[in-house]
1. If you stretched the chain out fully between ASN70 and LEU38, how much longer would it get, using 0.36 nm times the residue separation minus the C-alpha to C-alpha distance?
2. Using θ = phi - 60° and the Karplus relation 6.51 cos²θ - 1.76 cosθ + 1.60, list the HN-Hα couplings for region 102-115 in order, rounded to whole Hz, with x at every Gly or Pro.
3. Could you pull the accessible area for PHE71 with a 1.4 Å probe, rounded to 10 Å²?
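The values are calculated or read from the model by the stated rules, or taken from the named source; none is laboratory data. These figures come from a predicted structure and were not determined experimentally. Note: accessible area is taken over every heavy atom of the protein model, side chains too, but ligands, DNA and RNA are not part of it. Shrake-Rupley method; radii C 1.70, N 1.55, O 1.52, S 1.80 Å.
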Amino acid sequence: LAGLWTVFTLGGVGSKATPQLEQCSPLANQSLLLLLVLANLTDAPDMPNPYRQAIITAFSSSNPHAFQINFNSLYTALCEQQKSDQATLLLYMLLHQNGNVRTYVLARTDIENLV
């Protein structure tokens, strides 16, 4: 089981989340890992991955079923958690697959906080 967990946490590649962050919010950490796994499942031949589609269309004002989120809060949380691989992977996925998030981040004047 420990070997499997090591594979899921990138086997020590890159920086790991600090133990304080994992102990402070273990449910958030596990939820983020689950979201990343579900969003990166392969597409079926006849149907795209619904989790990935939800991330791509999330935060869209043209989609009446999209959920609303405060971009400033999301940006702040991602900036604070950039020492964890999970948060970096979520940011990567959002920047590459969601145009609304990408536009918001590029419009920020304090992008150095993210970098």
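1. Working: separation 32, 0.36 × 32 = 11.52 nm, distance 2.30 nm.
Fully extending the segment from ASN70 to LEU38 adds 9.2 nm.
2. After applying 6.51 cos²θ - 1.76 cosθ + 1.60, I find 4, 4, 4, 5, 5, 7, 5, 8, 10, 5, 4, 5, 7, 7 Hz.
3. For PHE71, the solvent-accessible surface is approximately 50 Å².
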